[in-house]
Amino acid sequence: MTVLCQSHCECWESVQWLHLRLIDTQSTFFSSVHCLLGSQEAVTALQISSVNDVKIYNLSHGKSLPEWLSDRKKRQLQKKDVDIQRRIELIQDFEMPTVCTSIKVSRDGQFILATGTYKPRIRCYDTYQLSLKFERCLDSEVVAFDVLSDDYSKLVFLHCDRYVEFHSQHGHYYKTRIPKFGRDFSYHYPSCDLYFVGTSSEVFRLNLEQGRFLNSLQTDAVENNVCDINPVHHLFATGTSEGRVECWDPRVRNRVGMLDCALSSLTEGTEVQGLPSISSLKFNGSLTMAVGTSTGQVLLYDLRSSQPLLVKDHFYNLPIKSLHFHDPLDLVVSADSKIIKIWNKDNGKVFSSIQPQTNINDVCIYPKSGMLFTANEDPKMNTFYIPALGPAPRWCSFLDNLTEELEESPESTVYDDYKFVTRKDLENLGLSHLVGSSLLRAYMHGFFMDIRLYHKVKSMANPFAYEEYRKDKIRQKIEESRTQRVQVKKLPKVNKELALKLMEEGDDEAELASRKKKGKALPSILGDDRFKVMFENPDYQVDEQSEEFRLLNPIVSKVGQKRKKKLRLLAQQAAASQQAGEGEEEPEGRASSEEESSDDDKSWVEEVREQRRLLRQEDRDRRRQERKEADRNTVLLKREQNGGEKTSDMAESKKTSQPQFYQIKAGEEFRSFNDMARKQKLQKASLEDRLKLEEHSGTSNVSDTAVGSKQLTFTLKK
């Protein structure tokens, strides 16, 4: 009797605790909903983004409380912290300790099941109670799982250590092992068979009615990554690591078709880094199938054709992890680890996209609604609500009223009431002593302060701000009135000639564009801020006496002249076409553009030769001057070594009149005074004769190009 009373008391305490827990959960939720519906703080509680004019509400935005905090501490934080008060917690404790790997919704829509780590576990959430229903820890990490019943009473888990675990309503039911490591599985409802694919060419079949393995399906692949079964005619398809999709008929256990998706996924502009393998697979209806590759492409197939109807590229070069169809709007929801893209399955046009802050592991769409859940590389599982996709689920129908009120009210962000200032701004305002106080909130490289405080301090620090503002306005009015007068072009201090040249070319282009019907003049370099340093900094001054400039200047000038001629020719053609119409022949006696261009080429080649000749002459003069300076320095040095004795003018003249002797080194050729005459004869000779003579004599040949580089060829004697 005592034992019964004790057990009865414990049962009554547990029931009472559950009742209080339920009341606490409901009161917390409805208080948060009331806070959102009754104030303008809903914008800060919901993160709203608009992509392609489609509103996306992130219902998981906000701070998350640590799991190790007690309930009393959590309630205290909810009373004190404003950010925690403003957040909306749609489902209580909707998170994992470390990472969530996969997430699914039961067929009746009442339960949301998610697996994660660490420790490996599964959590089941009841949408009718908006809270956690149960949590079960597992022996190893879950690779894939599926819900076989309408609710949570029949679950199958594929573990990373080859084990297959079955759970019933009360918990663990049975555990078996498959021969190879598995990657995915599908359930065939008519025959109660589980099809397992993994690191093997075989597809293992486990019959749940008989409780034994059946004969495997032998594929041509080395490994199989994913599989799926068509919900209409139950065709089984598996995606291989070689980029193929094999389709099997479960009734006769024969392969009925094969698709080579690797070649079809290569579109124009895609960079091939490896053989694309199949990373995801999904059927829609009886004829449509979506295939995701490891290189970020999604292919839509009609089962009656071997060519894809559409190829959609994510442009992230990441494996496609999840594929879903949204039938009411004919949309496809594809996701890789970076982004979720929603696009039309007929033309591939993007409907919207979602890019969470953390990497995505799995995506689940709640049936017949605009809500979707994501499993991320983060403890918190994200919940997104897109009203354009559909209404809110029945268990959170208040979201429709909430989003309607948010769309009617103007969006105000928290930054409207604050002013961002840097440390330099604080020093100018004399508020450096407020660093570390509650009046300043540190953010990135500065602080946020109340806008009212900023305006008050600004008016005190600079009482003449209104006068400065008034003077600026008057100056702007005067400049606007001056624009009606004749404008005098002012040249910059640096590169004046280049600026003048650009101005003239800009005027010619503007005049030509004005004559055209829909012509627009291109922006000038002078008006571009990217090149303003070239006309302000003296380091960018063009040195017109340099060798490179002198060799390039004839080419540049001729190109400019050609450009001006072309502009004038186009202007004349435009005027002639307006007067006489199109198709008019070229008048006689006028040189064609090709002849003019050939004459221009000859003229600038002559100018380049002349510049090269002048440069060689200046080089010889410079060397001669250097030799004279060196001789003068040696004479002065000898005088200093002799003790600086004074000599008479006659002795100096004798010394200078004495002949100078030079030593001829071995291998050098003595050149007479007739060398200049020989050079003149060589210049009149042909190029072939000159090359033969230089080859026989073994002299070096120095040639200059038009861009300033040099080339030296020589032959060695024995």
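Quick one: which of Leu426, Leu431 is at pLDDT 85 or above, within 22 Å of Met444 (Cβ to Cβ) and buried (at least 20 other Cβ atoms within 10 Å of the Cβ)? Before you say what the answer is, go through the steps one by one.
Values: Leu426 fails: buried (at least 20 other Cβ atoms within 10 Å of the Cβ).
Answer to the selection: Leu431.
Checked against the criterion of being modelled with pLDDT under 70 and within 31 Å of the chain's Cα centre (by Cα), the candidates Val33, Val43 yield just one match: Val43.
Would you check if there is a residue in the range 460-470 being charged (D, E, K, R) and at pLDDT 85 or above? Lay out the reasoning, then the answer.
If we filter the range 460-470 for residues that are charged (D, E, K, R), which is where we start, we get 467-468, 470.
Then drop every residue that is not at pLDDT 85 or above, which leaves none.
Checked the range 460-470: no residue is charged (D, E, K, R) and at pLDDT 85 or above.
In this structure, Asp260 qualifies as under 21 Å from Ala237 (Cα atoms) and open to solvent by 30 Å² or more (accessible area, probe 1.4 Å). The lone criterion from (1) modelled with pLDDT of 90 or more; (2) aromatic (Phe, Trp, Tyr); (3) over 26 Å from Asp330 (Cα atoms) left unmet by Phe384 is number (3).
The residues of the range 456-476 that are closer than 22 Å to Leu431 by Cα and over 44 Å from the mean Cα position of the chain (by Cα), listed by number, are Met460, Pro463, Phe464, Tyr466.
Any idea which residue in the range 268-299 is surrounded by the fewest Cβ atoms within 10 Å (Cβ to Cβ), counting only those that are under 20 Å from the mean Cα position of the chain (by Cα) and among the polar types (S, T, N, Q)? Among those that are under 20 Å from the mean Cα position of the chain (by Cα) and among the polar types (S, T, N, Q), it is Gln273.
So is Ile525 modelled with pLDDT of 80 or more, β-branched (Val, Ile, Thr), surrounded by 13 or more Cβ atoms within 10 Å (Cβ to Cβ) and within 37 Å of the chain's Cα centre (by Cα) or not? Full working, then the answer.
Working: modelled with pLDDT of 80 or more: no; β-branched (Val, Ile, Thr): yes; surrounded by 13 or more Cβ atoms within 10 Å (Cβ to Cβ): yes; within 37 Å of the chain's Cα centre (by Cα): yes.
No; evaluated as a whole, the condition is false for this residue.
Would you say Leu299 is within 29 Å of Arg107 (Cα to Cα) and not β-branched (Val, Ile, Thr)? Judged against the criteria, Leu299 is a match. Listed by position, the strands (runs of 3 or more DSSP E) contained in the range 172-247 that have at least 2 residues being crowded, with 16+ Cβ neighbours inside 10 Å are 182-188, 193-198, 202-207, 212-218, 224-229, 236-240.
The residue of the range 129-165 that is farthest from Asp193 (Cα to Cα), among those that are of a type outside the set (D, E, K, R) and open to solvent by 30 Å² or more (accessible area, probe 1.4 Å), is Gln129. Condition check for Val99 on (1) over 22 Å from Asp71 (Cα atoms); (2) free of Cβ contacts under 8 Å to residues at least 40 places away in the same chain: one failure, at (2). Taking the criterion of being of a type in the set (S, T, N, Q) and either open to solvent by 80 Å² or more (accessible area, probe 1.4 Å) or in contact with a helix residue (DSSP H, G or I) (Cβ under 6 Å, 6 or more places away or on another chain) (or both), the residues of the range 614-635 that qualify are Gln625, Asn633. For Ile451, state whether it is closer than 27 Å to Ile342 by Cα, modelled with pLDDT of 80 or more and among the β-branched types (Val, Ile, Thr). Here the answer is no, as Ile451 does not meet what is asked.
The values are calculated or read from the model by the stated rules, or taken from the named source; none is laboratory data. What you see is a predicted model; the values in this text were computed from it and never measured. Positions of Cβ are generated from backbone atoms using ideal geometry, with glycine treated the same way; all protein chains shown enter the neighbour counts. Heads up: the accessible areas ignore ligands, DNA and RNA and are worked out on the full protein's heavy atoms, side chains in. Shrake-Rupley method; radii C 1.70, N 1.55, O 1.52, S 1.80 Å.
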